[in-house]
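Following: one structure in structure tokens, then a few remarks.
The values are calculated or read from the model by the stated rules, or taken from the named source; none is laboratory data. If you're wondering where the values come from, they're calculated on a predicted model, not measured in any experiment. Here the Cβ positions follow ideal geometry from the backbone for every residue, glycine too, while neighbour counts run over all protein chains shown. Heavy atoms of the whole protein, side chains included, go into the accessibility calculation; ligands, DNA and RNA do not. Shrake-Rupley method; radii C 1.70, N 1.55, O 1.52, S 1.80 Å.
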Amino acid sequence: MPLYGIVGAGGFGREVMPVAIQMFNLAHPTPDFEIVFVVEQGDTSPVNGHRVVTADEFLASNQEKHFNIAIADHQARERIANAFIAAGAFPFSIKALNSVCLSNNEIGEGSILCPFTTVTSNARIGRFFHANIYSYVAHDCRIGDFVTFAPNVHCNGKVIVEDYAYLGTGAMIKQGTDTKSIVIGRGAIVGMGAVVTKSVAPFTTVIGNPATPLERRQG
């Protein structure tokens, strides 16, 4: 029996677990799999009726192992992904039954598309992408690896979001043009509710409407 693990039993993991179960139950009317929470350390008491195992226990299992990572922090997500793949586990993607993926999109391994998310057309999305509830990726966008969209992110057409970027709840990215894309740089953070009308430099945090770089206070 294959073993599927959701790494992370916090709030997001608890939201993602029932999405994964619905997806599996549709594909496998007769259950022939087990799905568990995986934690790196700490309490292994059951969570929401599901078994919890440590990462070491999961990787030591002689079952065929598949995993996804319900942790927002991109550094943790990448570290765990690399370690699990090296140990012989296989990434799997999670897609809510009511999420929408239209035409000619490419989405990398390990993605999570939560309920009410949409990917329209001709988008290219990298590995271990998180799209939380009500977020969308519009036409001709390019999304890198380990990118996180919090709830209700509006990523309009012809936008480039580079690796490790984090877009906060309600962020809105203006559509790019045929000659000039809006670029959210590598490791950038777009604050909650920000309205991005021009490109954001790598490793920069922007906030507000229109979004501007967050100034660090001198203490």
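Which of (1) open to solvent by 40 Å² or more (accessible area, probe 1.4 Å); (2) more than 13 Å from the chain's Cα centre (by Cα); (3) not aliphatic (A, V, I, L, M) does residue 4 not meet, given it meets every other one? Status for residue 4: all satisfied but (1).
One line per residue, one yes/no per condition, for (1) aliphatic (A, V, I, L, M); (2) under 24 Å from residue 119 (Cβ atoms):
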site	(1), (2)
15	no, yes
20	yes, yes
40	no, no
43	no, no
49	no, no
71	yes, yes
90	no, yes
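Filter segment 18-57 down to the residues that are open to solvent by 70 Å² or more (accessible area, probe 1.4 Å), under 14 Å from residue 5 (Cβ atoms) and not in a loop (DSSP other than H, G, I, E, B) and list them by number. Answer for segment 18-57, where residues must be open to solvent by 70 Å² or more (accessible area, probe 1.4 Å), under 14 Å from residue 5 (Cβ atoms) and not in a loop (DSSP other than H, G, I, E, B): 56, 57. When the test is whether a residue is over 26 Å from residue 15 (Cα atoms) and in contact (Cβ under 8 Å) with a residue 40 or more places away in the chain, residue 210 does not pass it. Can you tell me which residue is least open to solvent (accessible area, probe 1.4 Å) among those in segment 154-166 that are in contact (Cβ under 8 Å) with a residue 24 or more places away in the chain and within 14 Å of the chain's Cα centre (by Cα)? The extreme case among them is 165.
State yes or no: is residue 83 touching a helix residue (DSSP H, G or I) at 6+ places or on another chain (Cβ under 9 Å) and in contact (Cβ under 8 Å) with a residue 40 or more places away in the chain?
no
The strands (runs of 3 or more DSSP E) found entirely in segment 58-151 that carry 3 or more residues being surrounded by fewer than 17 Cβ atoms within 10 Å (Cβ to Cβ) are 100-103.
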